[in-house]
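Student: Below you'll find the structure I mean.
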Amino acid sequence: MVNGGCLCGAVRFRVEAELRDPIACHCKQCRQQSGHFFSAVAALKAAVSFARDDGLRWYRHTDIATRGFCGQCGSTLFWRGDEGPDVMVAMGALDDTGDMKLSGHYWVDFMGDYYDIDDGLPQHEGMET
């Protein structure tokens, strides 16, 4: 179990499931929303509950997914595909990341030209695993 929330506290959530290893997404949409690549961990949608969600807003950025953020402070919180059981939870929104470490980089063919990836982790052109 892990707790998390936004910067101002208008969104507080709990994930009551084992989390997978986090990933880094370098697609343009994630970079535009987060300001850099988006590091996130997958959790079952059904395992996420909210203690407070009055600030939670969802933005449909494509015809396949929505992004969750705080409408008061602007914190990036979630990416939720319409299909599939998972929601991606922003690593920066978690109160404690424990011993979780990035497991790989995805959509690297869309990464920004202002940084390099040199951590030795696997790099993928898309979302293939």
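Every read-out reported here was derived from the displayed coordinates using simple, explicitly stated rules and does not represent laboratory data. These figures come from a predicted structure and were not determined experimentally. Here Cβ is always computed from backbone atoms with ideal geometry, including for glycine, and neighbour counts include all displayed protein chains.
Student: Going by C-beta contacts inside 10 Å, put Glu83, Glu18 in order with the fewest on the left.
Tutor: Glu83, Glu18
Student: A further question follows. Give, in nm to one decimal, the length gained when the segment between Ala46 and Lys101 is fully stretched (0.36 nm per residue of separation minus the Cα-Cα distance).
Tutor: 17.4 nm
Student: Using a cut-off of under 18 Å, list every residue of region 99-122 whose amide N is near the label point 7 Å from the Cα of Arg20 along the Cα-to-beta-carbon line.
Tutor: The answer is 100-108, 121-122.
Student: For Gly104, enumerate residues with amide H under 5 Å from its amide H, sequence gap 5+ or separate chain, H modeled in the peptide plane.
Tutor: Here Ala24 satisfy the definition.
Student: Applying a 10 Å radius around every beta-carbon, put 19-27, 92-100, 42-50 in order of their mean neighbour count, most first.
Tutor: With the highest mean Cβ count within 10 Å placed first, the list reads 19-27, 42-50, 92-100.
Student: Could you work out how much longer the chain between Met1 and Asp119 gets when fully extended? Use 0.36 nm per residue separation minus the Cα distance between them, nm to one decimal.
Tutor: Result for the pair: 39.7 nm of gain on full extension.
Student: Please compute the Kirkwood hydrodynamic radius over the chain, one decimal place, Å, based on all pairs of different Cα atoms.
Tutor: Here the Kirkwood hydrodynamic radius works out to 15.0 Å.
Student: Tell me the Kirkwood hydrodynamic radius of region 5-67 in angstroms, computed as one over the mean inverse distance between distinct C-alpha pairs.
Tutor: Here the Kirkwood hydrodynamic radius works out to 13.3 Å.
Student: Near the amide H of Ser75, under 5 Å away, which other amide H atoms are found, from residues 5 or more places off or on another chain, if H is placed in the peptide plane?
Tutor: Distant-sequence amide H within range of Ser75: Leu7, Cys70.
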